[in-house]
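Undergrad: Have a look at this one before I ask anything.
The values are calculated or read from the model by the stated rules, or taken from the named source; none is laboratory data. Because the structure is a prediction, the values reported are computed rather than measured. Glycine gets a Cβ as well: all are built from the backbone with ideal geometry, and neighbour counts include every protein chain shown. For the accessible areas, the whole protein counts, side chains as well, though only heavy atoms, and no ligand, DNA or RNA atoms are used. Shrake-Rupley method; radii C 1.70, N 1.55, O 1.52, S 1.80 Å.
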Amino acid sequence: LLDIGMPDLSGHEVARRLRQQAWGRDMILIAATGWGQEVDIRQSLEAGFDAHLTKPLNVGRVKTLIDELAAKRRKR
């Protein structure tokens, strides 16, 4: 889970940098943010996030989403 609105380096930039690394390409990345407009979601996905969740986060939803994303990765 990465917050988008971090002070020195945005979550989008962190995601881009992680995806550039061999060890970060298969990492599950979920954006956690207060911004939930369609443009915000699109920017997160373009930056390399697997999903975009708007705060406040529901722990059950986060767990289910991680399970779903992990299952998709295993099928590859």
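Undergrad: At E68 and I28, where each label point lies 7 Å from the Cα along Cα→Cβ, what is the point-to-point distance in nanometres?
TA: 1.1 nm
Undergrad: Report the local net charge at L45: Lys and Arg +1, Asp and Glu -1, summed over other residues whose C-beta lies under 13 Å from its C-beta.
TA: Every neighbour counted, the sum reads -1.
Undergrad: Oh, and also: Residue separation times 0.36 nm, minus the C-alpha to C-alpha distance between W35 and V59: what's the value?
TA: 6.8 nm
Undergrad: Which ³J(HN,Hα) values, rounded to whole Hz and listed in residue order, are derived for segment 47-63 from phi using the Karplus coefficients 6.51, -1.76 and 1.60 in 6.51 cos²θ - 1.76 cosθ + 1.60 with θ = phi - 60°, glycine and proline given as x?
TA: Using θ = phi - 60°, the values come out as 6, x, 6, 7, 7, 10, 10, 9, 5, x, 7, 9, 4, x, 5, 4, 4 Hz.
Undergrad: Go through T33, T54 and list them by solvent-accessible area, largest first, probe radius 1.4 Å.
TA: Ranked from most to least accessible, the order is T54, T33.
Undergrad: Could you give me the ³J(HN,Hα) list for segment 32-38, computed from phi with Karplus coefficients 6.51, -1.76, 1.60 and θ = phi - 60°, whole Hz, x at Gly and Pro?
TA: So the J values, rounded to whole Hz, are 10, 8, x, 8, x, 6, 4.
Undergrad: Using a 1.4 Å probe, what is the accessible area per residue for the chain, in Å²? Intermediate values should be presented prior to the final figure.
TA: Numbers: 5160 Å² over 76 residues.
I get 68 Å² per residue for this part.
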